[in-house]
């Protein structure tokens, strides 16, 4: 009985870290598959110009996190469309997805490990 309780606790803990409310954290493969199967969505690269020069996920729109225009740009997006967000290694996007959720976006996906994880998995980038 104790083993079952421990397994249930571990499973619930993992589930809670994977998804929180309308924020869903996905690894690179999951992010890629979900992105490909979601035609009506926004894909946001929140890195700097210098970082984007190294490549970005095809069809992503840049919205540099931390700039004065960032929140203004967020308000222009459709809150009912899923939003996919990534940065370099996942730190900025982890903060940004919570901002999107607090502004009423229905579904917000975060790429765990950022574009670094994306590229490590051999997924496509455009230059």
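The values are calculated or read from the model by the stated rules, or taken from the named source; none is laboratory data. Since the model is a prediction, treat every value here as computed from it, not as a measurement. All Cβ positions, even for glycine, are placed from backbone atoms using ideal geometry, and neighbour counts span all protein chains on display.
Here are the numbers for the structure shown:
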{"quantity": "Residue within segment 27-49 that is in a loop (DSSP other than H, G, I, E, B) and over 22 Å from residue 124 (Cβ atoms) present", "calculated": "no"}
{"quantity": "Residue 54, sole failed condition from (1) under 19 Å from residue 124 (Cβ atoms); (2) in contact with a helix residue (DSSP H, G or I) (Cβ under 9 Å, 6 or more places away or on another chain); (3) modelled with pLDDT of 95 or more", "calculated": "(3)"}
{"quantity": "Residue satisfying all of: in segment 14-40; more than 12 Å from the chain's Cα centre (by Cα) and under 18 Å from residue 99 (Cα atoms); modelled with the lowest pLDDT among these", "calculated": "17"}
{"quantity": "Pair list, Cβ < 7 Å and 6+ apart or interchain, from segment 45-60 residues that are farther than 16 Å from residue 92 by Cα to residues that are assigned to a loop (DSSP other than H, G, I, E, B)", "calculated": "55/125; 55/127; 57/125; 58/124"}
{"quantity": "Total residues in segment 105-127, condition on the phi < 0 side of the Ramachandran plot and either crowded, with 22+ Cβ neighbours inside 10 Å or in a loop (DSSP other than H, G, I, E, B) (or both)", "calculated": "15"}
{"quantity": "Matching residues in segment 105-127 - criterion: being farther than 17 Å from residue 38 by Cβ and under 9 Å from the mean Cα position of the chain (by Cα)", "calculated": "112, 114"}
{"quantity": "Where a residue in segment 61-79 is at positive phi and its partner, wherever it lies, is surrounded by 12 or more Cβ atoms within 10 Å (Cβ to Cβ), with Cβ under 9 Å and at least six apart", "calculated": "66/46; 66/48; 66/92"}
{"quantity": "Residues of segment 72-104 that turn out to be under 13 Å from the mean Cα position of the chain (by Cα) and assigned to a loop (DSSP other than H, G, I, E, B), as a count", "calculated": "5"}
{"quantity": "Residue under evaluation residue 67, criteria (1) surrounded by fewer than 15 Cβ atoms within 10 Å (Cβ to Cβ); (2) in contact with a strand residue (DSSP E or B) (Cβ under 6 Å, 6 or more places away or on another chain); (3) modelled with pLDDT of 90 or more, criterion not met", "calculated": "(2)"}
{"quantity": "Lone unmet requirement of (1) under 15 Å from the mean Cα position of the chain (by Cα); (2) more than 16 Å from residue 31 (Cβ to Cβ) for residue 67", "calculated": "(1)"}
{"quantity": "Subset of segment 92-114 [within 19 Å of residue 53 (Cα to Cα) and out of contact with any strand residue (DSSP E or B) (no Cβ under 6 Å at 6 or more places or on another chain)]", "calculated": "92, 113"}
